[in-house]
């Protein structure tokens, strides 16, 4: 349901964003509660190389997404998949739920995650795909989000510094029906140099975000990583492309 202007002003105030009055050609970006789950068709392809062996990746599945209220200024974002086709893959590597898994994040409307049910602090699921600024933005504006994760590398937990740079490229009518923000992102997670296993994890792409319903629409992302532990001659690399297409 499209939010009427009067209701939208109340919603912005409830989210703590009402103090920022978006001027001409400026928008506030934030997630909104969904009365029912949204469905996305997802396609993941590319290669992973482990110990000199190249493994092709060709997967497809349906991802469900729903956001509900969870206390004052907090929300419960649930994601779960179905109809997985393809080989084995650790979907948490790209922040998505695997077969028979439901990821539940407690977060604010800007996408900053406080807690992930059943997962320790610093897990990959704590880095949400989109984290919005706390002020209105216009086409061409940029913002940055930083966090620290504790990622598993060759059986060891390694602290990593993560940073994601975003840009609102433009506002457009997407698929003829959705008033949307086209957002570009470029992110990385890197371990500190030292005796621990090392990680260089990168991701970039574009996302179309529904401004009236506060949800992601379609996105295309590229992921790559190099995991290494030189003293044990261990090395994993990956180059993957993910498409997520809004269905209903």
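Derivation of every value follows stated rules applied to the coordinates shown; laboratory data play no part. The structure presented is a predicted model; accordingly, all values stated were derived computationally and were not measured. Note that each Cβ is placed from the backbone with ideal geometry, even for glycine, and that neighbours are counted across all protein chains shown.
Data overview
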{"read-out": "Cα centroid separation - segment 29-56 against segment 108-128, whole Å", "value": "17"}
{"read-out": "Sequence-separation-based contact order of segment 36-246, relative, with Cα cut under 8 Å and 6+ spacing, percent", "value": "16"}
{"read-out": "Additional length obtainable on full extension of the chain from residue 234 to residue 85, 0.36 nm per residue less Cα span", "value": "50.7 nm"}
{"read-out": "Estimated 222 nm signal from helices in the chain, with DSSP H stretches of n ≥ 4 weighted -39500 (n - 2.57), rounded to 500", "value": "-1000 deg cm²/dmol"}
{"read-out": "Simple label model, 7 Å out from Cα along Cβ direction - residue 170 to residue 72, nm", "value": "4.3"}
{"read-out": "Of 97, 230, 37, the one that fluctuates the most in a GNM where the chain has Cα springs shorter than 10 Å", "value": "230"}
{"read-out": "Point-to-point label distance, residue 204-residue 119, nm (Cα→Cβ direction, 7 Å offset)", "value": "2.5"}
{"read-out": "Answer label, with Rg and Dmax of the Cα atoms in Å calculated from the coordinates and candidates (1) 23.9, 80; (2) 18.6, 62; (3) 19.4, 61", "value": "(2)"}
